[in-house]
Structure formats: structure tokens, C-alpha cells
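Okay, structure first, notes after.
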Amino acid sequence: MTVGHFISGKAKLAGVMGWPISHSRSPRLHGFWLRQYGIDGAYVPLAVEPERAEQAIRALPALGFRGCNVTVPLKEIAFRTVDRLDQTARRMGAVNTIVVAEDGALEGGNTDGFGFIENLRAEQPDWTAERGPAVVIGAGGAARAVVVALLDAGAPEVRLVNRTRARAEELAADLAAVGLNGGVTVVDWVSRETALDGASLLVNTTTQGMAGQPALDLSLRALPVSAVVNDIVYVPLETPLLAEAKARGNPVAGGIGMLLHQARPGFKAWFGVEPQVTPELTRFVLEG
Ligand code: ATR
């Protein structure tokens, strides 16, 4: 908690828009960087209900905001509202970062996939997407970002496994519609354990393993010990999946880094500094 914060009349403004927003760690994350780099700026939580999100997004230039992050459940509304979309946002079907351009236009991007890949590279520098098939568990918004990022990074095959097969098929069809029509194989939930055979990466994008939720129901028996295991859940930092992977000798990557790295492009665009992800930042964000 920071009480009595002084913001000058010249402060560069950005924030995070979502509903609800009080749980968001982004103000803490950007606030740490603003202080670290001595920037006259402010990054504020913007609690905006879905019915008013379009209006709020359109108001950003008039309010003098340089842009904002967008989080659940407003990423698709942002996608439909911005004036221009970059290629990544178009592929994701969702916008998580808005930048107000020089001409006042709203530019929408999506940095979730970037955050995912950068975190993997930071945690496991030897990992490359080209190394072999990746298994992605889940078919929600997070899975979509992960699958697009893996295909863009050169993964030869993504095995998409979801409890509800139809949702995985829908995601594969959506990706085909935006030109990503190679490399995704939909696997039945009952076959999830055989899908691990020969994989070089396993990613959990479901909510299973999160504090208060049961562990992901998945035996790692068929997974090569060389495969990297990444859980995008970060509360707790070590999920049951990561603990099991570690115990059997797999290299692992946690989920908090994805959140930290996805924030970098927005911060650079709004405040003009390329920020670094450090252990101090990670600790500070987790304390909040
Ligand atoms: P997000 O957009 O953050 O990814 P989501 O859209 O709610 O969140 O997706 C949650 C994912 O967790 C889904 O893939 C969901 O599977 P279903 O499509 O079958 O619902 C998955 N999930 C949730 N509870 C699960 C459980 N008990 N076992 C397996 N998968 C589960």
C-alpha cells in the first residue's frame, strides 16, 4: 500500500482497465518501474464495467492518457473498439495493450504471448520452440495466446488438450481462420497422457493447481525428462504440477514471469524506457 502519492501536472498517464480491477498486480508492477527509473508518470487501476468499456477506451486520448492495459473481461471489447490492430492482436482476437498514437488513434496490441515466450527464455535459456512438439492444456484466452506464440516461435506441432474437446476444436478453427492453419492437433482429454510422449514442452493454461483449486489431473509418466514444464498459474508459485515435474527432473518455469514480461512493451511505449524484469521486481509484485 502506498498512501499519499504525489503526481505532478506533467505526469505521463497510463493504467489498467478491467472489471473488477482491485486484484490486479499491474499498478504495483508499473509503479515499481516508474520509481526505479525516476519517471514522472502514473499508472492507475481503471474499474470499468463491460457496458461502458467502449466509451471509456474511446475517452483515453481526450483524457490525455498515453494508453492502457486491458484485462479480463474487456480484452475482446478492446479488440473491437481500437482504431488499429497489430498482427499479434489480430491473431489473438483480443487486445491487452492500447497505445494512443501521435494522431490520437487507438492502437491495439497483445503482449500475452510475448510475455509467455520471454518468461520461458528467461527461466530456461536452452529451450527453443523448434526443439519439438508442445502440449498445451486448456483452451481459454490464455491458451490462445500461448498457442499463437508457440507457432510464431517455430514450434513444429502444438498438441491442444482440453477437458471439453469442442472448445479446443473451436480454438484450432479460429486460428486457422487467421492464417495459423498448420501445426495444431486437437487431442481428447482421455488421451492427454499419451499426448506427452515425445513432447519438448508442457504448458498448463487451466486454472487447475491454483490456490483453492484441485491439482491438474495429469500423470507425467510419458513425458520425457528433458521436456520443460511451464505452469502459467502463479498462486502458489510452485503448483503441484511444477513440484511433480521438478521431483522427476524436468526443467520448470513458473507463471509470474509471464505477467511481468507481458508488461514490458506497454511500459516502453507509454513511458519511453525499456524496463527490466529483476528478482526485486518479482518480490515486490508478489508481496502486494
Ligand atoms: P482463461 O481465459 O484465463 O484461459 P477460461 O476461459 O475460464 O480461462 O479457461 C479455463 C480453462 O481451464 C479451460 O480450458 C477449462 O476447460 P473447459 O473448456 O473444459 O471448461 C479448464 N478447466 C477448468 N476447470 C477444469 C478442470 N476441473 N479440469 C480440467 N480443465 C479445467
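The values are calculated or read from the model by the stated rules, or taken from the named source; none is laboratory data. It should be emphasised that the depicted structure is a prediction, and the values quoted were computed from it without experimental measurement. Here Cβ is always computed from backbone atoms with ideal geometry, including for glycine, and neighbour counts include all displayed protein chains.
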Answer residue from segment 78-97, given it is part of a helix (DSSP H, G or I) and of a type in the set (S, T, N, Q) and is farthest from the chain's Cα centre (by Cα) among those: THR81
Filtered residue count, segment 188-224, keeping only those that are more than 13 Å from ALA245 (Cβ to Cβ) and crowded, with 20+ Cβ neighbours inside 10 Å: 6
Subset of segment 111-168 [touching a strand residue (DSSP E or B) at 6+ places or on another chain (Cβ under 8 Å), within 13 Å of the ligand (Cβ to nearest atom), not small (Gly, Ala, Ser) and not in a helix (DSSP H, G or I)]: VAL136, ILE137, LEU160, VAL161, ASN162
Segment 202-218, residues that are touching a residue at least 40 places away in the same chain (Cβ under 8 Å) and more than 10 Å from the ligand (Cβ to nearest atom): LEU202, VAL203
The listed residue being touching a residue at least 40 places away in the same chain (Cβ under 8 Å) and more than 10 Å from the ligand (Cβ to nearest atom), out of ALA173, ALA199, ALA177: ALA199
Number of the condition not met by PHE267 [criteria: (1) assigned by TED's automatic domain parsing to the domain that holds ILE137; (2) in contact (Cβ under 8 Å) with a residue 40 or more places away in the chain]: (1)
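Got a sec? Which of GLN213, GLN276, GLN208 is touching a Ser or Thr at 6+ places or on another chain (Cβ under 7 Å) and polar (S, T, N, Q)? Even if it seems obvious, please write down each step before you answer.
Numbers: GLN276 fails: touching a Ser or Thr at 6+ places or on another chain (Cβ under 7 Å); GLN208 fails: touching a Ser or Thr at 6+ places or on another chain (Cβ under 7 Å).
Of the residues listed, the single one that is touching a Ser or Thr at 6+ places or on another chain (Cβ under 7 Å) and polar (S, T, N, Q) is GLN213.
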